[in-house]
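Notes for the one structure printed next.
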């Protein structure tokens, strides 16, 4: 089990499109309910988005989702900054991230 944090900025005028595409990803996740995946997306002030992903096992279900493919298709055109991706460990958690299992 590992966490990844992905952060990027969005160009002016692209936040609404980015939000809508992310919403569709979550709708598909609700329908398909893949096991071993936890996913959170935050929108920060100033046009930045932060994705927090926890995956059990090595084969991520995210890239297989049609909605995620649509989200990533023109992502570079919407971004104002490069993607920053980092592995992460939970140091503390108070009711934010549910227990794995």
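Computed from the coordinates by the stated procedures, all read-outs in this text should not be read as laboratory data. Remember, it's a predicted structure, so these values are computed and weren't measured experimentally. FYI the Cβ positions are ideal-geometry reconstructions off the backbone, even for glycines, and counts take in every protein chain you see.
Tabulated results
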quantity	calculated
Fully extended contour minus Cα-Cα distance, from residue 64 to residue 33, at 0.36 nm per residue	9.9 nm
Ranked list, fewest to most other Cβ atoms within 10 Å of each Cβ, for 8, 94	94, 8
Average Cα contact separation per residue, segment 10-87, under 8 Å, 6 or more apart, as relative contact order %	39 percent
Estimated [θ] at 222 nm from DSSP helical runs (n ≥ 4, -39500 (n - 2.57)) normalised by residues in the chain, nearest 500	-8500 deg cm²/dmol
Rounded tilt (10° steps) of 15-32 against the dominant C-alpha axis of the chain	30 degrees
